[in-house]
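Below is one structure, written out as C-alpha coordinates, with a few remarks after it.
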Amino acid sequence: MRLNAETFAAWPNKSITLLGMSGVGKTRLAHMLMKSKWFHYSGDYRIGTRYLDEPILDNIKKQAMQVPFLRDLLRSDSIFIKNNISVHNLLPVASFLGKLGNPELGGLPLTEFKRRQDLHHRAEIAAMKDVPMFIQKAQEIYGYKHFINDAGGSICELDDETVIDCLAEHTLIIYIKASDEDEHALIQRAQADPKPLYYREAFLEEQLTVYMQEKGFEYVAMIDPDDFVRWIFPHLFYSRIPRYQAIVRQVGYSVTTAELAAVNDEADFLALVEKAVARETR
(Lines give C-alpha, C1' and ligand atoms only; values in the text may rest on other atoms or scores of the structure.)
Protein backbone atom coordinates (compact mmCIF):
# COMPACT_ATOMS: atom_id res chain seq x y z
CA MET A 1 0.00 0.00 0.00
CA ARG A 2 1.42 3.35 -1.06
CA LEU A 3 0.27 6.49 0.74
CA ASN A 4 1.53 10.00 1.31
CA ALA A 5 2.00 11.36 4.82
CA GLU A 6 -1.30 13.27 4.78
CA THR A 7 -3.30 10.26 3.60
CA PHE A 8 -1.70 8.05 6.24
CA ALA A 9 -2.48 10.56 9.00
CA ALA A 10 -6.13 10.70 7.90
CA TRP A 11 -6.48 6.90 7.54
CA PRO A 12 -9.15 6.06 10.14
CA ASN A 13 -8.37 2.34 10.55
CA LYS A 14 -4.65 1.87 10.08
CA SER A 15 -3.23 -1.55 9.18
CA ILE A 16 0.55 -1.99 9.25
CA THR A 17 2.86 -4.93 8.57
CA LEU A 18 6.24 -4.91 10.32
CA LEU A 19 9.17 -6.58 8.57
CA GLY A 20 12.64 -7.25 9.91
CA MET A 21 14.93 -9.78 11.50
CA SER A 22 14.04 -11.24 14.88
CA GLY A 23 15.30 -8.88 17.57
CA VAL A 24 14.84 -5.56 15.76
CA GLY A 25 11.88 -4.60 17.96
CA LYS A 26 8.76 -5.70 16.04
CA THR A 27 7.12 -7.56 18.91
CA ARG A 28 8.07 -4.95 21.53
CA LEU A 29 6.40 -2.30 19.38
CA ALA A 30 3.32 -4.46 18.78
CA HIS A 31 2.90 -5.09 22.52
CA MET A 32 3.18 -1.37 23.19
CA LEU A 33 0.55 -0.52 20.57
CA MET A 34 -1.89 -3.06 22.00
CA LYS A 35 -2.47 -0.57 24.81
CA SER A 36 -3.71 1.96 22.25
CA LYS A 37 -6.48 0.12 20.36
CA TRP A 38 -4.15 -1.84 18.05
CA PHE A 39 -4.82 -5.52 17.36
CA HIS A 40 -1.57 -7.52 17.49
CA TYR A 41 -1.45 -10.23 14.83
CA SER A 42 1.57 -12.48 15.39
CA GLY A 43 2.48 -14.51 12.31
CA ASP A 44 4.43 -17.01 14.39
CA TYR A 45 1.51 -17.45 16.82
CA ARG A 46 -0.88 -18.11 13.92
CA ILE A 47 1.58 -20.62 12.46
CA GLY A 48 1.86 -22.49 15.73
CA THR A 49 -1.79 -22.51 16.75
CA ARG A 50 -3.41 -23.05 13.36
CA TYR A 51 -1.09 -24.46 10.72
CA LEU A 52 1.54 -26.41 12.67
CA ASP A 53 -0.51 -27.35 15.71
CA GLU A 54 -0.88 -31.02 14.77
CA PRO A 55 2.73 -31.57 13.58
CA ILE A 56 4.00 -29.89 16.78
CA LEU A 57 1.84 -32.16 18.94
CA ASP A 58 2.85 -35.25 16.96
CA ASN A 59 6.50 -34.40 17.55
CA ILE A 60 5.93 -33.98 21.29
CA LYS A 61 4.02 -37.26 21.43
CA LYS A 62 6.86 -39.08 19.67
CA GLN A 63 9.21 -37.88 22.38
CA ALA A 64 6.76 -38.84 25.14
CA MET A 65 6.28 -42.33 23.67
CA GLN A 66 9.97 -43.03 24.32
CA VAL A 67 9.22 -42.87 28.06
CA PRO A 68 7.48 -46.12 29.11
CA PHE A 69 5.43 -44.48 31.85
CA LEU A 70 4.08 -41.80 29.50
CA ARG A 71 3.67 -44.27 26.62
CA ASP A 72 1.25 -46.41 28.60
CA LEU A 73 -0.77 -43.40 29.69
CA LEU A 74 -1.00 -42.03 26.14
CA ARG A 75 -2.01 -45.38 24.67
CA SER A 76 -4.80 -45.76 27.22
CA ASP A 77 -6.00 -42.17 26.70
CA SER A 78 -5.31 -41.51 30.37
CA ILE A 79 -3.54 -38.27 29.52
CA PHE A 80 -3.53 -35.86 26.63
CA ILE A 81 -0.98 -33.36 25.38
CA LYS A 82 -1.78 -29.86 24.17
CA ASN A 83 0.18 -26.82 23.15
CA ASN A 84 0.39 -23.78 25.37
CA ILE A 85 1.57 -21.40 22.68
CA SER A 86 1.12 -17.67 23.23
CA VAL A 87 2.48 -14.54 21.60
CA HIS A 88 4.91 -14.43 24.54
CA ASN A 89 5.85 -18.13 24.29
CA LEU A 90 6.55 -19.51 20.82
CA LEU A 91 8.96 -22.19 22.00
CA PRO A 92 6.79 -25.08 20.69
CA VAL A 93 7.13 -23.70 17.15
CA ALA A 94 10.91 -23.38 17.45
CA SER A 95 11.28 -26.83 19.03
CA PHE A 96 9.39 -28.37 16.12
CA LEU A 97 11.49 -26.57 13.52
CA GLY A 98 14.59 -27.94 15.21
CA LYS A 99 18.24 -27.81 14.23
CA LEU A 100 20.23 -29.79 11.70
CA GLY A 101 22.89 -32.24 12.82
CA ASN A 102 23.91 -35.01 15.18
CA PRO A 103 20.82 -36.72 16.70
CA GLU A 104 22.80 -37.43 19.88
CA LEU A 105 23.10 -33.67 20.33
CA GLY A 106 19.45 -33.03 19.57
CA GLY A 107 19.91 -32.54 15.84
CA LEU A 108 17.71 -33.70 12.96
CA PRO A 109 18.64 -35.72 9.85
CA LEU A 110 18.67 -33.63 6.65
CA THR A 111 15.54 -35.22 5.18
CA GLU A 112 13.48 -34.65 8.33
CA PHE A 113 14.89 -31.15 8.76
CA LYS A 114 13.87 -30.23 5.21
CA ARG A 115 10.41 -31.73 5.74
CA ARG A 116 9.84 -29.49 8.74
CA GLN A 117 11.25 -26.48 6.91
CA ASP A 118 8.78 -27.10 4.10
CA LEU A 119 5.87 -27.37 6.53
CA HIS A 120 6.91 -24.06 8.13
CA HIS A 121 7.24 -22.45 4.70
CA ARG A 122 3.69 -23.41 3.73
CA ALA A 123 2.37 -22.44 7.16
CA GLU A 124 3.92 -18.97 7.00
CA ILE A 125 2.42 -18.32 3.57
CA ALA A 126 -1.01 -19.35 4.83
CA ALA A 127 -0.66 -17.25 8.01
CA MET A 128 0.21 -14.13 6.03
CA LYS A 129 -2.70 -14.68 3.65
CA ASP A 130 -4.97 -14.72 6.72
CA VAL A 131 -4.11 -11.09 7.48
CA PRO A 132 -7.07 -9.53 5.58
CA MET A 133 -9.49 -11.81 7.45
CA PHE A 134 -8.00 -10.81 10.80
CA ILE A 135 -8.08 -7.12 9.94
CA GLN A 136 -11.83 -7.51 9.55
CA LYS A 137 -12.13 -9.62 12.72
CA ALA A 138 -10.09 -7.12 14.71
CA GLN A 139 -12.60 -4.37 13.95
CA GLU A 140 -15.91 -6.21 13.75
CA ILE A 141 -15.49 -8.74 16.56
CA TYR A 142 -12.90 -7.35 18.94
CA GLY A 143 -13.48 -3.64 18.43
CA TYR A 144 -9.89 -2.65 17.72
CA LYS A 145 -9.40 0.51 15.71
CA HIS A 146 -6.01 -0.34 14.19
CA PHE A 147 -4.10 -3.49 13.19
CA ILE A 148 -0.40 -4.42 13.44
CA ASN A 149 0.96 -7.49 11.65
CA ASP A 150 4.08 -8.75 13.46
CA ALA A 151 5.53 -10.80 10.59
CA GLY A 152 8.24 -13.42 11.04
CA GLY A 153 11.81 -12.65 10.08
CA SER A 154 11.69 -15.24 7.29
CA ILE A 155 8.85 -13.61 5.34
CA CYS A 156 11.35 -12.17 2.86
CA GLU A 157 12.43 -15.72 1.96
CA LEU A 158 9.06 -17.19 1.03
CA ASP A 159 9.54 -16.50 -2.71
CA ASP A 160 5.78 -16.19 -3.11
CA GLU A 161 4.76 -12.91 -4.71
CA THR A 162 1.11 -13.43 -3.79
CA VAL A 163 2.01 -13.03 -0.11
CA ILE A 164 3.60 -9.62 -0.54
CA ASP A 165 0.83 -8.58 -2.96
CA CYS A 166 -1.76 -9.52 -0.33
CA LEU A 167 0.00 -7.64 2.46
CA ALA A 168 0.62 -4.60 0.24
CA GLU A 169 -3.05 -4.47 -0.73
CA HIS A 170 -4.33 -4.52 2.83
CA THR A 171 -1.53 -3.03 4.95
CA LEU A 172 1.20 -0.43 4.95
CA ILE A 173 4.51 -2.32 4.98
CA ILE A 174 7.26 -1.00 7.25
CA TYR A 175 10.73 -2.56 7.24
CA ILE A 176 12.81 -2.08 10.38
CA LYS A 177 16.43 -1.89 9.27
CA ALA A 178 19.11 -2.65 11.85
CA SER A 179 21.82 -0.02 12.27
CA ASP A 180 25.44 -1.17 11.97
CA GLU A 181 25.71 -1.29 15.74
CA ASP A 182 22.48 -3.24 16.09
CA GLU A 183 23.50 -5.64 13.30
CA HIS A 184 26.55 -6.58 15.33
CA ALA A 185 24.50 -6.96 18.51
CA LEU A 186 21.87 -9.13 16.80
CA ILE A 187 24.49 -11.46 15.37
CA GLN A 188 26.28 -11.72 18.73
CA ARG A 189 22.99 -12.48 20.48
CA ALA A 190 22.04 -15.16 17.97
CA GLN A 191 25.43 -16.82 18.24
CA ALA A 192 25.39 -16.74 22.03
CA ASP A 193 21.97 -18.42 22.10
CA PRO A 194 21.52 -20.33 18.82
CA LYS A 195 17.87 -20.92 18.00
CA PRO A 196 16.09 -22.89 15.26
CA LEU A 197 15.72 -20.93 12.03
CA TYR A 198 13.98 -21.13 8.68
CA TYR A 199 16.18 -21.26 5.57
CA ARG A 200 15.30 -21.20 1.89
CA GLU A 201 16.17 -24.64 0.55
CA ALA A 202 18.62 -23.29 -2.07
CA PHE A 203 20.35 -21.15 0.57
CA LEU A 204 20.55 -24.07 3.00
CA GLU A 205 22.05 -26.43 0.43
CA GLU A 206 24.61 -23.83 -0.67
CA GLN A 207 25.70 -22.91 2.86
CA LEU A 208 25.64 -26.49 4.09
CA THR A 209 28.04 -27.50 1.32
CA VAL A 210 30.47 -24.74 2.32
CA TYR A 211 30.19 -25.61 6.03
CA MET A 212 30.78 -29.33 5.42
CA GLN A 213 33.85 -28.56 3.32
CA GLU A 214 35.26 -26.13 5.91
CA LYS A 215 34.78 -28.65 8.72
CA GLY A 216 35.87 -31.67 6.72
CA PHE A 217 32.62 -33.51 7.49
CA GLU A 218 31.33 -36.33 5.31
CA TYR A 219 27.93 -36.73 6.95
CA VAL A 220 25.32 -34.33 8.33
CA ALA A 221 25.20 -36.47 11.46
CA MET A 222 28.69 -35.20 12.30
CA ILE A 223 27.42 -31.62 12.69
CA ASP A 224 27.07 -30.02 16.10
CA PRO A 225 23.59 -28.41 15.70
CA ASP A 226 24.43 -25.29 17.70
CA ASP A 227 27.74 -24.80 15.91
CA PHE A 228 26.02 -24.88 12.54
CA VAL A 229 23.47 -22.25 13.62
CA ARG A 230 26.26 -20.02 14.96
CA TRP A 231 28.16 -20.39 11.69
CA ILE A 232 25.25 -19.84 9.32
CA PHE A 233 23.45 -16.99 11.09
CA PRO A 234 25.66 -14.11 9.82
CA HIS A 235 25.31 -15.48 6.27
CA LEU A 236 21.56 -15.68 6.71
CA PHE A 237 21.36 -12.20 8.20
CA TYR A 238 23.17 -10.51 5.33
CA SER A 239 21.40 -12.59 2.68
CA ARG A 240 18.05 -11.30 3.92
CA ILE A 241 18.89 -7.58 3.78
CA PRO A 242 18.63 -7.21 -0.02
CA ARG A 243 15.42 -9.22 0.04
CA TYR A 244 13.85 -6.85 2.56
CA GLN A 245 15.12 -3.89 0.56
CA ALA A 246 13.54 -5.26 -2.62
CA ILE A 247 10.16 -5.38 -0.87
CA VAL A 248 10.59 -1.78 0.30
CA ARG A 249 11.47 -0.58 -3.20
CA GLN A 250 8.37 -2.25 -4.57
CA VAL A 251 5.67 -1.64 -1.99
CA GLY A 252 7.02 -0.52 1.39
CA TYR A 253 8.79 1.98 3.59
CA SER A 254 11.67 1.70 6.02
CA VAL A 255 12.73 2.96 9.44
CA THR A 256 15.86 2.19 11.41
CA THR A 257 16.25 0.47 14.75
CA ALA A 258 17.73 3.71 16.07
CA GLU A 259 14.57 5.58 15.09
CA LEU A 260 12.37 2.86 16.56
CA ALA A 261 14.29 2.92 19.84
CA ALA A 262 13.04 6.49 20.36
CA VAL A 263 9.38 5.39 20.06
CA ASN A 264 7.71 5.34 23.47
CA ASP A 265 4.02 5.49 22.60
CA GLU A 266 1.49 5.45 19.78
CA ALA A 267 1.99 9.13 18.96
CA ASP A 268 5.73 8.59 18.52
CA PHE A 269 5.10 5.60 16.27
CA LEU A 270 2.60 7.39 14.05
CA ALA A 271 4.97 10.32 13.71
CA LEU A 272 7.77 7.95 12.71
CA VAL A 273 5.63 6.25 10.07
CA GLU A 274 4.59 9.61 8.64
CA LYS A 275 8.27 10.54 8.44
CA ALA A 276 9.12 7.26 6.69
CA VAL A 277 6.29 7.70 4.19
CA ALA A 278 7.32 11.29 3.50
CA ARG A 279 10.92 10.18 2.84
CA GLU A 280 9.85 7.65 0.21
CA THR A 281 7.35 9.91 -1.56
CA ARG A 282 9.55 12.94 -2.10
Condition (residue is in contact with an Asp or Glu (Cβ under 7 Å, 6 or more places away or on another chain), surrounded by 13 or more Cβ atoms within 10 Å (Cβ to Cβ) and in a loop (DSSP other than H, G, I, E, B)) applied to segment 56-74: is it met by at least one residue? no
Checked pairs for segment 101-120, first in contact (Cβ under 8 Å) with a residue 12 or more places away in the chain, second crowded, with 16+ Cβ neighbours inside 10 Å and hydroxyl-bearing (Ser, Thr, Tyr), C-beta under 9 Å and 6 or more apart or across chains, list as Gln117/Tyr198; Gln117/Tyr199; Leu119/Tyr51; His120/Tyr51; His120/Ser154; His120/Tyr198
Given the options Leu270, Leu260, name the one that is assigned to a helix (DSSP H, G or I) and surrounded by fewer than 20 Cβ atoms within 10 Å (Cβ to Cβ). Leu270
Subset of segment 161-175 (residues that are surrounded by fewer than 21 Cβ atoms within 10 Å (Cβ to Cβ) and either aliphatic (A, V, I, L, M) or modelled with pLDDT under 95 (or both)): Glu161, Val163, Ala168
Residue pairs qualifying under the 7 Å Cβ cut-off, at least six apart or on distinct chains, with the first in segment 128-141 being in contact (Cβ under 8 Å) with a residue 60 or more places away in the chain and the second being β-branched (Val, Ile, Thr), are Met128/Ile155; Met128/Val163; Val131/Thr171
Output for segment 124-157, where each listed residue is part of a helix (DSSP H, G or I), hydrophobic (A, V, I, L, M, F, W, C) and surrounded by 22 or more Cβ atoms within 10 Å (Cβ to Cβ): Ala127, Met128, Val131, Ala138, Ile155, Cys156
Quick one: is Gln213 over 26 Å from Ile173 (Cβ atoms) and touching a His at 6+ places or on another chain (Cβ under 8 Å)? no
Looking at (1) free of Cβ contacts under 8 Å to residues at least 40 places away in the same chain; (2) surrounded by fewer than 16 Cβ atoms within 10 Å (Cβ to Cβ); (3) assigned to a loop (DSSP other than H, G, I, E, B), which is the one condition that is false for Asn83? (2)
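The values are calculated or read from the model by the stated rules, or taken from the named source; none is laboratory data. Source: prediction; values computed, not measured. Positions of Cβ are generated from backbone atoms using ideal geometry, with glycine treated the same way; all protein chains shown enter the neighbour counts.
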